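Colleague: Handing you this structure, nothing more for now.
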Amino acid sequence: MTATSGSAVSKTSIKVTWSKPACDGSSFVKSYNITSTSASIPAKTVAVVDPLSTAAYSWTFTGLKTKTKYTVTIRAVNAAGASQGVDVSATTK
């Protein structure tokens, strides 16, 4: 995946965005898994985004702490498995 970014939406929320992979390995992307890699969010898959949805290339986290940096890893998943993750960071206001 490419063109990832993270930005603060408010004091308690951030939004991460990404673009679809340049090559899907001849298999359609079934989902995008977003996994926390920040100590402030337990390390787990926090979202599974349907690539056909209108929100396919972004996710907003809410209920976060103010002035805190958050990092998540985004992976595209298809029949062959999950892609290498792309890290995205953002800091709440």
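Colleague: Looking for whichever is part of a strand (DSSP E or B), modelled with pLDDT under 80 and not charged (D, E, K, R) here; the options are Val88, Val46. Which one fits?
Modeller: Matching residue, one of Val88, Val46: Val46.
Colleague: Can you tell which of Ala82, Ala76 is among the aliphatic types (A, V, I, L, M), open to solvent by 50 Å² or more (accessible area, probe 1.4 Å) and modelled with pLDDT of 85 or more?
Modeller: Just one listed residue meets the conditions, Ala82.
Colleague: Something else about it: Using the structure shown, decide if Thr68 is farther than 13 Å from Ser13 by Cβ and at pLDDT 85 or above.
Modeller: It is false that Thr68 is farther than 13 Å from Ser13 by Cβ and at pLDDT 85 or above.
The values are calculated or read from the model by the stated rules, or taken from the named source; none is laboratory data. These numbers come from a predicted model, not from an experiment. As a convention, Cβ positions derive from the backbone with ideal geometry for all residues, glycine included, and neighbour counts pool all protein chains shown. Ligands, DNA and RNA are excluded from the accessible area calculation, which covers all protein heavy atoms including side chains. Shrake-Rupley method; radii C 1.70, N 1.55, O 1.52, S 1.80 Å.
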